[in-house]
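See structure below.
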Amino acid sequence: MVLALPWLAWWKLADRKVLVEVSCYGLLIIVISVLLDGLGVEMTLWGYPYKLFPLLERLFHADFTVLPITFMLIYQYFPKWKMFIGMCIIIAIIFAFVAEPFSVWLDIYEPYQWKSVYSFPIYVAMPVFCKWLLSIIVAVQNRSYVGK
């Protein structure tokens, strides 16, 4: 239920004209965040004292809900690069310097050899990289439709 409610809210806010593109963007965010989270846990940079899901060691709800939905909404509502990057910086500040310390305080996230300041550039680079990659994919798609 905790994972479903944000997705239902996103569904209400999603622009149906760009639904496939925004969804692909969100999936890219999920893939990268899961990979980076898994890498950080494996390298003992951070860990999670309590498992929300017994089979998963990661902060599942952040990787599959908080990050993708937040960045999909930014992607949808701020299509121009300048505003997009500005919003990503604001969100990165919130995630790195508010959400991560709050998660430590709640005892659901434990940094071992990691500091919030290390997360900040990742929270900026990940959505920017995904937007860049998706823009290339969309451009290739649009070129393949020309002349058909």
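The values are calculated or read from the model by the stated rules, or taken from the named source; none is laboratory data. Keep in mind that this is a model prediction, so the values were computed, not measured. Ideal geometry is used to build each Cβ from the backbone, glycine not excepted, and the neighbour counts take in all protein chains shown.
Among the candidates ALA92, ALA4, which residue alone is at pLDDT 95 or above and under 22 Å from ILE108 (Cα atoms)?
Going through ALA92, ALA4 in turn, just one is at pLDDT 95 or above and under 22 Å from ILE108 (Cα atoms): ALA92.
Only one residue in VAL128, VAL138 is of a type in the set (A, V, I, L, M) and either more than 25 Å from VAL20 (Cα to Cα) or within 14 Å of the chain's Cα centre (by Cα) (or both). Which one?
Just a single option satisfies the conditions, and that option is VAL128.
One residue is enough: does the stretch 66-76 have a residue meeting the conditions under 17 Å from TRP114 (Cβ atoms) and at pLDDT 85 or above?
Checked the stretch 66-76: at least one residue is under 17 Å from TRP114 (Cβ atoms) and at pLDDT 85 or above.
Does PRO49 qualify as being farther than 28 Å from VAL138 by Cβ, modelled with pLDDT under 90 and not hydrophobic (A, V, I, L, M, F, W, C)?
Considered against the rule, which asks whether it is farther than 28 Å from VAL138 by Cβ, modelled with pLDDT under 90 and not hydrophobic (A, V, I, L, M, F, W, C), PRO49 comes out as yes.
How many residues does the stretch 1-53 hold that are within 30 Å of PRO79 (Cβ to Cβ) and assigned to a helix (DSSP H, G or I)?
32
Are there any helices (runs of 4 or more DSSP H) wholly within the stretch 62-148 with 3 or more residues that are hydrophobic (A, V, I, L, M, F, W, C) and surrounded by 15 or more Cβ atoms within 10 Å (Cβ to Cβ), and if so which?
67-77, 81-94, 116-145
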